[in-house]
Amino acid sequence: MFRRMLLAAAALGAIAALPGQAAAQAACTPRVADSELVRARTLVMSTNPTLPPLQFVNAQGQLQGMRIELGTEIARRLCLTPEYVRIEFSAMIPGLAARRWDMINTGIFYTEERARMMQMVRYENNAVAISAARGNPLNIRSERDLAGRTVGVELGGFEERRLREISQNLQNAGQRPINVRTFDNFAIAFQALRAGQVEAVTSIDAVAAEYDKRGDFPRVLHGLFPTPAAFAFRSRTLANEVSRVLLEMKADGSLDALFNRYGVTIADPTFAVVGPQ
């Protein structure tokens, strides 16, 4: 299954830098040796562009969003050419281990379990939210209102784990469990909500807030399970250099400016690398 997902990355497309960007990178000295990279002088990043406004594809098929802008700026400061591989989240960790990409740039939630498998740099505060159908017809106001309801979520991520935790807590309290429906990505989950196939969707706060702002789906619960989001790497050397770049961006004000534009806050101002030695 993972091999099919990894091969599907080619069909989804690897998005490289524009020619002008590549020329600019050639004029400086990379801060990371080619031996630490999947491809020489290139920072290959995996992303799942189904999370507006943080990572998504616009009407012209172009990658957009805060995490895309941040990844591109990190590559620029490392004197590397940015390249993005669009792929489902469930294939990202196996793909990192298999050296399909250098960096997971999809706002992966930090957990101690994940930090035992790969190098992680926490940079962004995040939390889980619940979106309801337009008008909130079920009047969802608390986690108890999810008892017995059908809720969609992306397969295999932090959000699914926390949704199942809510379901178990409801069951322990004598309530009906949640009927958890998993999807390949959040975009499909929200499509299912629009079509009435699920009654709510669990996603991250910023995404739920974006859909609410658009008038599509109200964000009825938010701020659940606050946990830092991180970049993830196979190479500790690369992780250390990215940490230094984030410190530089924090010092010159560019990181705060980017985060403020998207309403995002910094998780760990030290940007410490956490992972196996």
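The values are calculated or read from the model by the stated rules, or taken from the named source; none is laboratory data. As the structure is a computational prediction, the values presented were derived from the model and not from experiment. Cβ placement follows ideal geometry from the backbone for every residue including glycine, while neighbour counts extend to all protein chains displayed.
Miscellaneous remarks
- Any hit, the range 182-204, residues being in contact with a strand residue (DSSP E or B) (Cβ under 6 Å, 6 or more places away or on another chain), farther than 22 Å from Ile87 by Cα and among the polar types (S, T, N, Q): no
- Gly135 vs. criteria at positive phi and not assigned by TED's automatic domain parsing to the domain that holds Leu54: yes
- Whichever residue in the range 146-160 is surrounded by fewer than 17 Cβ atoms within 10 Å (Cβ to Cβ) and in contact with a Phe, Trp or Tyr (Cβ under 9 Å, 6 or more places away or on another chain) and, among such residues, is farthest from Arg181 (Cα to Cα): Gly156
- Residues located in the range 123-138, provided they are touching a strand residue (DSSP E or B) at 6+ places or on another chain (Cβ under 7 Å) and surrounded by fewer than 22 Cβ atoms within 10 Å (Cβ to Cβ): Asn125, Ala127, Asn136, Leu138
- Per-region count, the range 89-121, residues free of Cβ contacts under 8 Å to residues at least 40 places away in the same chain and under 24 Å from Val264 (Cβ atoms): 1
- Residue tally, condition among the hydrophobic types (A, V, I, L, M, F, W, C), at pLDDT 95 or above and not in a helix (DSSP H, G or I), over the range 231-269: 5
- So Val151, is it among the hydrophobic types (A, V, I, L, M, F, W, C) and closer than 24 Å to Ala230 by Cα: no
- One residue from Arg219, Arg194, Arg236 being farther than 23 Å from Phe56 by Cα and not β-branched (Val, Ile, Thr): Arg236
- Just one residue in the set Arg86, Arg77 is in contact (Cβ under 8 Å) with a residue 40 or more places away in the chain, more than 27 Å from Cys28 (Cα to Cα) and in contact with a helix residue (DSSP H, G or I) (Cβ under 6 Å, 6 or more places away or on another chain); that residue is Arg86.
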